[in-house]
Each structure stands twice: as C-alpha cells, then as structure tokens.
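The values are calculated or read from the model by the stated rules, or taken from the named source; none is laboratory data. Keep in mind it's a predicted model, so treat the numbers as computed, not measured. For neighbour counting, all protein chains shown are included, and Cβ atoms are generated from backbone atoms with ideal geometry for every residue, glycine included. Surface accessibility is based on the protein's heavy atoms, side chains included, excluding ligands, DNA and RNA. Shrake-Rupley method; radii C 1.70, N 1.55, O 1.52, S 1.80 Å.
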Amino acid sequence: MATNDSVNILNSAYLAVEYIDSFLPDNPLQQPFKNAWNYMLDNYTKFQIATWGSLLVHEASYFLICVPGFIFQFIPYMQKYKIQPDKPETWEKQWKCFKTLMFNHFFIQLPLICGTYYFTEYFNIPYEWEKMPRWYVLLAQCFGCAVIEDAWHYFLHRLLHHKRIYKYIHKVHHEFVSPFGMQAEYAHPLETLILGAGFFIGIVVFCNHVVLLWAWVICRLMETIDVHSGYDIPLNPLHLVPFYAGARFHDFHHMNFVGNYASTFTWWDRIFGTDSQFIAYKEKEKKQQLRMKKAN
C-alpha cells in the first residue's frame, strides 16, 4: 500500500513538472546543443563518444570549475570569504596537487572510463537525441545519484579514517589542512577507486541515456570542488539544495580530521552524531562574534 502511494505521489509530481514545463519558453540553447549532439553522433563512434568524450567532459569540467577558486587567491576582497585565511595556498602545494591529479586522472580514472562503452552496450543505453530525457528528469536522476553516492561516501570515508588504515590511504588527501578546489580529487590511488565506486552505483540504477553520465559527472564535480574550495561564498546557488553540506562543513573535516564524513548532504552525520564537534565549533564561533559586537 505504501509503495503504491509513493508511486502515485511521484507520478503526480512528474505530471505537475511536465505541465509547468509546457508553459516555459523554449530554451535558445536547445537547437545549437541538438545540432552539436547530432554532429557528434554522425562523426564519431559510440566507443569514441563514451571513452574520449567522457574523459574530455571530466577534464574540461574539473579544471573550468576550479578556475574561480584559483582566481580568488589573487583577489584581496575575496579573502574575507576564505574559511582559513591564515593558511593561504602556495604554488608548491598547487603544483604537487596538479601532478598527483594528472596521475590519478590518466592512470586510475581513464581505465575505468574505458569501460563506459561496454557498460552502455551491455545495458543498451541509448545515445540518440530523440531518446534523451527531459531536463527535469535528468535533474531528478542526478539528485538520486547524489543521494546514493553520499551514503556510500559517508560509510566508506568513515572507514578510511579508522586508525588502523588511515595512515596507509586516506592520509594523502589530508595533507592539505586548508583545502582548495583543485585538491578535490587529490587522493591515494586506492581511495580514488574505493570512494569513486560510489559515483557509478547511481549510474547503474538510473542511467537511461548516455547524457546522464556526463550530467552526473558535472554535478558531482561542481559539488566536490565547491566543498573543497576553502571559500564560503554568499549566494552560492548550491546552498539552495536541501541539506547541502557546503564548503564550511567539509572544511571543518580537514581542520579537525574527525566527523563531517558525508560528501554532499548533512543527514548521515546528523543521524550518527558525527557532526557534534562541528556544531559545538559553530556555537563557539557565534559566541565569539557576539562578544566582539558587544565590545565594539
């Protein structure tokens, strides 16, 4: 009975969004995107699209999303939004980070990406424009992927902090007490495999078109680079996502090394009480700010 009610609610929500979408003006970018997509299908094989296309989407998205945070370090005005202003980025750290990223991207992640074509073939995942899901379906699928990945990340990340294995794997990621955007995927190769596996679970569950692979890559990179950015920017649109953790939440994890284990949302840490030190830290900050206001 409960299952039927849930299905009915989801169907009603889908019909409501579909109805609203019918009144929205046409997206001026849709036709150019359609032309580009069809050009890609006409000129490249499915293997090339799934493999090299996925690599290109990942690399271009990763470093483009990193650009704002990289520029912020040269803008004095933005330093008031830096969560740990006493620990600025250095060229030495950023160069070390970049070299490790290149190794992980091309020697760990690329072999995994090479399996994308065989995944789409085995499950008959379509590539055609006509079978591409609507934007709101794609958005819902990405949210579902994020929920699944977040659960995987919380429990496996917490396990990697166990005192018997922390120094062998996860300690690499914690070399930077004050994180910066590019450091999001700076990790031990084993961690890249262990935590990265959570990315693919949602794909297996939801994927009904190859475009979801790329949309989910972009969404996941936006989230992980944002929480590692080291900057708590006002009016960040990601803060509109319900229960979104954000940069301040994850930055505390790098400062404290304990707690705040989830990647995207706050509910797992709240359920298991692993955000207690973060909550106490925020309360202490509020009291200090009140004292300063009274003193002024």
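Below, the figures for the structure above:
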| read-out | value |
| --- | --- |
| Solvent-accessible heavy-atom area per residue, rounded to whole Å², over the range 126-259 at 1.4 Å | 43 Å² |
| Mean Cβ count within 10 Å, highest first, over the residues of peptides 215-226, 108-119, 149-160 | 215-226, 149-160, 108-119 |
| Under the span-like rule (Cα at least 30 Å along the axis, Kyte-Doolittle mean at least 0.5), DSSP H helices of the chain | 135-160 |
| Whole-percent carbon and sulfur share, accessible surface of the chain, 1.4 Å | 67 percent |
| Within the range 84-146, trypsin sites (Lys or Arg not before Pro) in DSSP loop having at most 15 other beta-carbon neighbours inside 10 Å | ARG134 |
| Unsatisfied cross-links (Cα-Cα over 20 Å) in the set LYS80/LYS293; LYS46/LYS131; LYS87/LYS293; LYS87/LYS163; LYS82/LYS284 | LYS87/LYS293; LYS87/LYS163 |
| Sites ILE75 and LYS46, calculated FRET efficiency, Cβ-Cβ separation with R0 41 Å, nearest 0.05 | 0.40 |
| Spatial separation of Cα centroids for the range 41-114 and the range 201-253, in angstrom | 14 Å |
| Diffusion constant of the range 172-283 at 10 °C, which comes from Stokes-Einstein with the Kirkwood Cα-pair radius and 1.306 mPa s, µm²/s | 106 µm²/s |
| Heavy-atom accessible area per residue - the range 62-110, 1.4 Å, Å² | 64 Å² |
| Among ASN208, ASN35, ASN27, residue whose mean-square fluctuation peaks in a GNM of the chain (springs only between Cα atoms under 10 Å) | ASN27 |
| Label-point separation in nm, VAL241 to ALA60, each point 7 Å along Cα→Cβ | 2.2 nm |
| The range 21-74 shape via C-alpha gyration tensor axes, a/c threshold 1.5 | oblate |
| Three principal axis lengths of the chain [C-alpha, angstrom, descending] | 63, 45, 41 |
